[in-house]
Amino acid sequence: MALTSRTSAQRATGISPEMPRRKRLTSGWIAAAMLTFMMLINWADKSVLGLAAGPIMADLNLTPTQFGSIGSMFFLIFCLTPLVVGFIANRVSSQWLMAVLVLMWSVAQAPVLISASFATLLASRMILGAAEGPTASLMHRHLHKWFKPAERAMPSSVGASGSTLGLAIAAPILTFIIATWGWKEALLFMAVIGMIWVLIWAFVGKDGPLKTYEAAEGDSDEVVVEEKRVPYRRILTTGTWLGGALASHLAYWALTIYATWLPVYLTASLGLELREVGMIAAIPPLVGFGVFLASGAIVEFCSRRGITMRWSVGLQMGVTSVIAGLALLGAINAEGRTATVVFLAIAFGVPNSALSLVFLSGARIAPVRQRGAVFAFTNVAFTCAGIVAPLLIGIVIQRSADRVQGFEPIFLWLAVALVVAGVVIALIVNPERDAIKLGLAEPVADPGPAADDGAASAASSSPVTVGATGEREPAGVAGAPGTTPLEDSRHDVAPQEHTR
């Protein structure tokens, strides 16, 4: 693919077309660290409502149904805004979009701090949901501008792990603040942390140079022509997108239940005090953090061996879903505190990896310039679980003889859904097959999970093209190690983007 001249590329992108690989990766990891912290704040904000459920319902005289409706309204807005912002992200810098969103959700805490009531808490959480909703898809899109396919599995997993870190770190800290000073002070603490992040991001945040995959594969001064476009309908009806959406949707069910209602469940079923709940509630997110890192390592290991994403991503999402479902069944029937906590840690921690893997597989079936919208659709597909879960649990609990009995039918339904869906996901997620069907890639032999090094090497050296000029990735895995000599060269090149 042709390269633009230095002058024309600078005019087109505002970024020097030559960036040493080491500098690009260093800048990319700085961005990954900042975005991990952003996701940490995002999920810590969400967890305040669940950790302070008892004091909030007591102070504001809320019923479980009213409290659940606040969580559901938060996730309703949280679910819808990514669609709007996703299409805007195709044209506007994600650097500034994320700064505005974090500032917005920090300021959203103000109404409750001034005058606490059901109405102000509901309004505050809706604004918070509008600002926090698009951040996951924006984060992955931003990182993809810094890391090439073979490099992005681990930074994507680290960035996504901010959600579990936020829950793990927030649980003991926020419960201490709530128990010592009050739940309003916990909201104020999170608002201050968010504003500090915005100030730092204003100095270190910037868009990456990899606008398309031709960034390191050009050989002349020709301008990069338009990338092949695929109708969104075709992308969103592939087995890869549907399977990834199902896996992440159920993972988000688990994550939403954890963030909103698990502290209440721990108090009711195990008789824990608030400070004890904070410590035990940190265990599932820590498991999730480890799973995120292991997930990225598995994808990178498979990439080096030329194993396709059908196995490294599709099978992994299916297996983790089944494990989570079986663990949740174990938690329902467990006797004793230790066994219950262990099963809950697995059930609510293991499926989280789908929230990162779904974007890796989605990148394989979406042209580069359509990813903002495709990722937004993905975000909506899994976050809509948050609309139903909090309210449904609140209604069931209110109608039950006791709170523990109210949780059991929800846990049972989710456990069965995770097991059944895991089998389906493992069968239908196949990014390489779907990329070929969409005309984004050429057919290539799948070495399978048992491929030897020789077969892996042969597979990774086969070229794959996207339309006339679209994304070029090595055969097998989006993010496989098969590279051209130019990709291994000393510089990365940012091409001029086509202007319609």
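Before moving on, here are some points about what is shown:
- Scan region 20-54 for residues that are in a helix (DSSP H, G or I), out of contact with any Asp or Glu (no Cβ under 7 Å at 6 or more places or on another chain) and open to solvent by 40 Å² or more (accessible area, probe 1.4 Å) and the total you get is 8.
- Taking the conditions (1) surrounded by 23 or more Cβ atoms within 10 Å (Cβ to Cβ); (2) in a loop (DSSP other than H, G, I, E, B) in turn, residue 62 satisfies each one other than (1).
- Residue 342 being free of Cβ contacts under 8 Å to residues at least 24 places away in the same chain and either under 30 Å from residue 173 (Cα atoms) or outside any helix (DSSP H, G or I) (or both): yes
- Residues of region 291-339 that are under 17 Å from residue 249 (Cα atoms) and either free of Cβ contacts under 8 Å to residues at least 12 places away in the same chain or among the hydroxyl-bearing types (Ser, Thr, Tyr) (or both): 320, 321.
- Pairs, first at pLDDT below 75 in region 400-411, second open to solvent by less than 80 Å² (accessible area, probe 1.4 Å), C-beta under 7 Å, six or more apart: 403/264; 403/268; 403/397; 404/268; 404/269; 406/396; 406/397; 406/400
- Unique match (being modelled with pLDDT under 90 and either open to solvent by 10 Å² or more (accessible area, probe 1.4 Å) or not aromatic (Phe, Trp, Tyr) (or both)) among 150, 191: 150
- Close pairs (6 angstrom Cβ cut-off, 6 or more residues apart or separate chains): free of Cβ contacts under 8 Å to residues at least 60 places away in the same chain and more than 20 Å from residue 136 (Cβ to Cβ) in region 160-179, of a type in the set (D, E, K, R) and open to solvent by 10 Å² or more (accessible area, probe 1.4 Å) anywhere: 177/185
- Among residues of region 84-112 being modelled with pLDDT of 85 or more, in contact with a helix residue (DSSP H, G or I) (Cβ under 6 Å, 6 or more places away or on another chain) and open to solvent by 40 Å² or more (accessible area, probe 1.4 Å), the one that is nearest to residue 67 (Cα to Cα) is 104.
- For region 371-386, the criterion of a residue being more than 18 Å from the chain's Cα centre (by Cα) and either surrounded by fewer than 24 Cβ atoms within 10 Å (Cβ to Cβ) or without any contact (Cβ under 8 Å) to a residue 12 or more places away in the chain (or both) is satisfied by no position.
- Counting only residues that are of a type outside the set (A, V, I, L, M), in a helix (DSSP H, G or I) and within 17 Å of residue 47 (Cα to Cα), region 80-129 holds 5 of them.
- Test: residue in region 275-288 that is under 26 Å from residue 79 (Cα atoms) and either free of Cβ contacts under 8 Å to residues at least 12 places away in the same chain or part of a loop (DSSP other than H, G, I, E, B) (or both): yes
- Selection status of residue 117, of a type outside the set (D, E, K, R), open to solvent by 10 Å² or more (accessible area, probe 1.4 Å) and either within 17 Å of residue 60 (Cβ to Cβ) or touching a Lys or Arg at 6+ places or on another chain (Cβ under 9 Å) (or both): yes
- Qualifying residue in region 349-358 (condition: open to solvent by 40 Å² or more (accessible area, probe 1.4 Å), within 29 Å of residue 135 (Cβ to Cβ) and touching a residue at least 40 places away in the same chain (Cβ under 8 Å)): no
- Check on residue 307, touching a helix residue (DSSP H, G or I) at 6+ places or on another chain (Cβ under 9 Å) and outside any helix (DSSP H, G or I): yes
- For region 202-236, a tally of residues being open to solvent by 70 Å² or more (accessible area, probe 1.4 Å) and modelled with pLDDT under 50 returns 5.
- Scanning region 138-147 for residues that are out of contact with any Leu (no Cβ under 7 Å at 6 or more places or on another chain) and open to solvent by 10 Å² or more (accessible area, probe 1.4 Å) yields a count of 2.
- The residues of region 321-340 that are open to solvent by 20 Å² or more (accessible area, probe 1.4 Å) and under 29 Å from residue 302 (Cβ atoms), listed by number, are 322, 323, 326.
- Residue in region 90-112 that is hydroxyl-bearing (Ser, Thr, Tyr) and within 30 Å of residue 60 (Cβ to Cβ) present: yes
- With respect to being under 18 Å from the mean Cα position of the chain (by Cα) and either under 18 Å from residue 264 (Cβ atoms) or in contact (Cβ under 8 Å) with a residue 12 or more places away in the chain (or both), residue 60 falls outside the description.
- If you go through region 263-310 and pick out every residue that is hydroxyl-bearing (Ser, Thr, Tyr) and either touching a His at 6+ places or on another chain (Cβ under 9 Å) or open to solvent by 50 Å² or more (accessible area, probe 1.4 Å) (or both), you end up with 1.
- Scanning region 392-410 for residues that are among the hydrophobic types (A, V, I, L, M, F, W, C) and touching a Phe, Trp or Tyr at 6+ places or on another chain (Cβ under 9 Å), we see that the one that is surrounded by the most Cβ atoms within 10 Å (Cβ to Cβ) is 393.
The values are calculated or read from the model by the stated rules, or taken from the named source; none is laboratory data. Keep in mind that this is a model prediction, so the values were computed, not measured. Don't worry about glycine lacking a Cβ; one is built from the backbone with ideal geometry, like all the others, and counts go over all protein chains shown. Quick note on the areas: whole protein, heavy atoms, side chains included, nothing else; ligands and nucleic acids left out. Shrake-Rupley method; radii C 1.70, N 1.55, O 1.52, S 1.80 Å.
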